[in-house]
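The block underneath contains the structure these notes are about, expressed in structure tokens.
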Amino acid sequence: MKVEDTEVKYYLSSDWGRDDGAHEIGGCIAINSLTGERLALSVDTIKLLKVFGEAGNTIGEAARHLKLNGQEEAELAEAVNRLARCRLLVTELYQSQQTEKAILPDSVVADCRFVDCEARAVTELAGNDIVVFGLPIDLATSGSPGARYGPKAIREGSRRFATYERHIIDGLNKGWYNADLGKVILNGARIVDAGDILVVPGENFSVTLDRCYRMATQIFQADCKPIFLGGDHSISAPLIRACAERYSDLAVLHLDAHADNAEWAPSTNHHHGNVISRILAENKSIEVYSYGVRGFSGPVTFDSRRHVVRQHDIEQDLFRSLSLLPKDKTCYISFDIDVLDPVFAPGTGTPVPLGMEPRTLLKLLKETAAQNRVVGIDVVELAPARDVRDATTNLVTHILLCMAALAYDKPEKLNGGGE
């Protein structure tokens, strides 16, 4: 929601109220009764919200009420823009509906931002932005739930690793030195956090996943470089469908302890255990490369577009396993936490022993990025409640930053995008 017309009236949204169970020094914690979203509000923000209140005001009227000069009015407009993104302030049209719940946003502002980068709405993205977007959904989990808290844990963990600092001239990221890769990574990149998908308690799960698809479509159509934070693995299906519609010749690198190729039946069409079956059924030209599969599962479903490299195969001959990765493709990487051995990553709902070591995973990612054009990344199945002293969150955040550098730092190998 952009503030362009100073004659537009803004109102304080009735969905927001004070959370009396939480305390914020010098302000308050606001809670959205519809989405459960919480925001910390400063005293100045509360004063500004009072100016609009239930009666509503235009930006010009609010500026006169506050006795602001021209420069200060421009700053007020930007503040209103931010509050409108959070839906703390809503427009006259929005307010005039029988109920505000008749119009729902597709996304909500996250509690904190990845590496403290800039927050930006999906509608305001620019080409080549590295976009972090959360999908806090675990409605398709068969193991222990809790992956809905993964995006928040990764964002909070990222702030322990790095802080987004901008160059003075162009405002782009200064980057960070990474000893594993032996270079400064993501220097000159523009990283933005577009918040989380809206999840409405009790709604049909198909509606939720369709919202994921719509948001992913906007991100891919803007030629951005997404990092999707899950959530259970079911979220990958709508994300990859949106990606496949934007890019042809798409290959999916599927890093997972599980084959995820259970039967895709109408009664169980949204499940983290059949996400690969669904991806292959929905996208007839996609090829999937599954790495790290191990343990026990149901009968294996054969598909000529599915290539499986077991964890045992990787341990027996890493060089051959690397040679089987896709080459000269447009590539999407789906990283399920449980591909790693539970010794390194206990914080997941369906851990499987005898898993991959982190350094082996980085070798797979490095080789994939070197010989393909990576256009999308998701990380799924992080369950912080099952973690031990944040070991999994820290490891995943470390790998994710390396993955982003490997995928998005290098010059484009392939031209075009598959229109």
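The values are calculated or read from the model by the stated rules, or taken from the named source; none is laboratory data. Computed from a predicted structure; not experimentally measured. Heads up, the Cβs are rebuilt from the backbone with ideal geometry, glycines too, and the neighbour counts pull from every protein chain shown.
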Point to revise | Residue within segment 352-371 that is in contact with a Pro (Cβ under 8 Å, 6 or more places away or on another chain), assigned to a loop (DSSP other than H, G, I, E, B) and free of Cβ contacts under 8 Å to residues at least 60 places away in the same chain present | key: yes
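If you check Val252 against the conditions, is it crowded, with 24+ Cβ neighbours inside 10 Å and in contact (Cβ under 8 Å) with a residue 24 or more places away in the chain?
Numbers: crowded, with 24+ Cβ neighbours inside 10 Å: yes; in contact (Cβ under 8 Å) with a residue 24 or more places away in the chain: yes.
It is true that Val252 is crowded, with 24+ Cβ neighbours inside 10 Å and in contact (Cβ under 8 Å) with a residue 24 or more places away in the chain.
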Practice item. List every residue pair whose Cβ atoms lie under 6 Å apart, where the two residues are 6 or more positions apart in sequence or sit on different chains, the first residue falls within segment 274-292 and is hydrophobic (A, V, I, L, M, F, W, C), and the second residue, located anywhere, is in a strand (DSSP E or B) and surrounded by fewer than 23 Cβ atoms within 10 Å (Cβ to Cβ). Key: Val288/Arg306
Point to revise | Check on Asp336, closer than 23 Å to Arg386 by Cα, acidic (Asp, Glu), surrounded by fewer than 23 Cβ atoms within 10 Å (Cβ to Cβ) and in the same structural domain as Asp249 (by TED's automatic domain parsing) | key: no
Point to revise | Flag if Phe344 is closer than 20 Å to Ala405 by Cα and within 24 Å of the chain's Cα centre (by Cα) | key: no
Practice item. Would you check if there is a residue in segment 211-228 being small (Gly, Ala, Ser), outside any loop (DSSP other than H, G, I, E, B) and closer than 24 Å to Glu118 by Cβ? Key: yes
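Go through segment 155-171 and give me each residue that's of a type outside the set (Phe, Trp, Tyr) and either surrounded by 15 or more Cβ atoms within 10 Å (Cβ to Cβ) or not assigned by TED's automatic domain parsing to the domain that holds Phe220 (or both).
Step one: list which residues in segment 155-171 are of a type outside the set (Phe, Trp, Tyr), which gives 155-160, 162-163, 165-171.
Of everything in segment 155-171, those that are of a type outside the set (Phe, Trp, Tyr) and either surrounded by 15 or more Cβ atoms within 10 Å (Cβ to Cβ) or not assigned by TED's automatic domain parsing to the domain that holds Phe220 (or both) turn out to be Arg155, Glu156, Gly157, Ser158, Arg159, Ala162.
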**Study point:** Looking only at segment 188-204, and only at residues there that are touching a residue at least 60 places away in the same chain (Cβ under 8 Å) and loosely packed, with under 15 Cβ neighbours inside 10 Å, the one that is farthest from the chain's Cα centre (by Cα)
**Key:** Pro201
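Can you find even one residue in segment 79-92 that is touching a Leu at 6+ places or on another chain (Cβ under 7 Å), modelled with pLDDT of 60 or more, in a helix (DSSP H, G or I) and not β-branched (Val, Ile, Thr)? I'd like the intermediate steps shown before the answer.
Filtering segment 79-92 down to residues touching a Leu at 6+ places or on another chain (Cβ under 7 Å) leaves 79-80, 83, 86, 88-89.
Then keep just the ones that are modelled with pLDDT of 60 or more; that gives 79-80, 83, 86, 88-89.
Of the ones still in play, those that are also in a helix (DSSP H, G or I) are 79-80, 83.
Now narrow it down to the ones that are not β-branched (Val, Ile, Thr): 79, 83.
There is at least one residue in segment 79-92 that is touching a Leu at 6+ places or on another chain (Cβ under 7 Å), modelled with pLDDT of 60 or more, in a helix (DSSP H, G or I) and not β-branched (Val, Ile, Thr).
Let's see how each residue does on (1) surrounded by 15 or more Cβ atoms within 10 Å (Cβ to Cβ); (2) under 30 Å from Val352 (Cα atoms); (3) modelled with pLDDT under 80:
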{"site": "Ala74", "(1), (2), (3)": "no, no, no"}
{"site": "Tyr94", "(1), (2), (3)": "yes, no, yes"}
{"site": "Ile103", "(1), (2), (3)": "no, no, yes"}
{"site": "Ser107", "(1), (2), (3)": "yes, no, no"}
{"site": "Phe114", "(1), (2), (3)": "yes, yes, no"}
{"site": "Gly146", "(1), (2), (3)": "yes, yes, no"}
{"site": "Tyr149", "(1), (2), (3)": "yes, yes, no"}
